[in-house]
1. Can you work out ³J(HN,Hα) from phi for every residue in region 52-62, in order, using Karplus 6.51 cos²θ - 1.76 cosθ + 1.60 and θ = phi - 60°, giving whole Hz and x for Gly and Pro?
2. For region 102-115, just list the computed ³J(HN,Hα) in residue order, Karplus coefficients 6.51, -1.76 and 1.60, θ = phi - 60°, integers in Hz, with x standing in for Gly and Pro.
3. Identify which of 56, 98, 118 has the largest mean-square fluctuation in a Gaussian network model of the chain, with springs joining Cα atoms closer than 10 Å.
4. Taking just the alpha-carbon atoms of region 59-125, what radius of gyration and Dmax come out, in angstrom?
5. Determine the equivalent ellipsoid of the chain by diagonalising the alpha-carbon gyration tensor, then write out the semi-axes as square roots of 5 times the eigenvalues, largest first, rounded to whole Å.
6. Would you kindly derive the ³J(HN,Hα) couplings of region 94-100 from the backbone phi angles with the Karplus curve 6.51 cos²θ - 1.76 cosθ + 1.60 (θ = phi - 60°), listing them in order in whole Hz, with x for Gly and Pro?
7. Determine the order of 111, 37, 57, 50 by accessible area, beginning with the largest, at a probe radius of 1.4 Å.
8. Any idea what angle helix 3-19 forms with the longest principal axis of the chain, computed on alpha-carbon atoms, 0 to 90 degrees, nearest 10?
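The values are calculated or read from the model by the stated rules, or taken from the named source; none is laboratory data. Quick caveat, the model's predicted, so the values are computed rather than measured. FYI the Cβ positions are ideal-geometry reconstructions off the backbone, even for glycines, and counts take in every protein chain you see. In case anyone asks, the SASA skips ligands and DNA or RNA and just uses the protein heavy atoms, side chains included. Shrake-Rupley method; radii C 1.70, N 1.55, O 1.52, S 1.80 Å.
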Amino acid sequence: MSKMEQHLDATLEQILELARWAPSGDNTQPWRFEILDARRLIVHGHDTRDHCVYDLDGHPSQMSIGALLETMAIAASAHQLEMQATRHCEAPESRPTLTVEFTPAPLREPDPLADAILPRSVQRRALSRRPLTPA
C-alpha cells in the first residue's frame, strides 16, 4: 500500500471515528458502514420501530441518519474534503441505504462545528471515547 493510500485510509477512519458520535435516539446508532475504498462507502441504515417505542414510524431513526450525514460532512471539511451522499431509491424505507463519496476540496475551510463533534452530547454524563475496532 502506498503512502498516499495509507493517508487516505487513515483520513476515512478519522472521519468515521467522528461520525459515530452523531446523535441518535436512545443512542442506537441505526447505521453500519461498508467501506468500498478510501473515498467511498455505503451507509446501511435501519430503523428501530419494531423494538423501540420512541421510533414511531421510523422517523427518529431517519433523523438520526441525517445527523450522521451532517456529522460526516463536518468531519470531512477538516480534511479539506467535500462529501456527497446519494440515497439508493430501491432500498426499503425501513432500511435506508446511501452511497457516500468524498472528493478533494483544497480551498475548503474546516466547518466551525468540527471542534464541537466530540464534546456534543445528548447525555447528562460524559460518554466513553473508546476507539473503533476493525470489527
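1. 10, 4, 7, 9, 4, 6, x, 5, x, 5, 4
2. Values per residue, Gly and Pro as x: 10, 10, x, 9, x, 8, 5, 7, x, 4, x, 7, 4, 6 Hz.
3. 56
4. 13.9, 40
5. Output for the chain: semi-axes of 25, 18, 14 Å.
6. 6, 9, x, 10, 9, 8, 10
7. Working: 111 40, 37 60, 57 85, 50 145 Å².
Greatest to least solvent exposure: 50, 57, 37, 111.
8. In the chain, helix 3-19 runs at an angle near 30 degrees to the longest axis.
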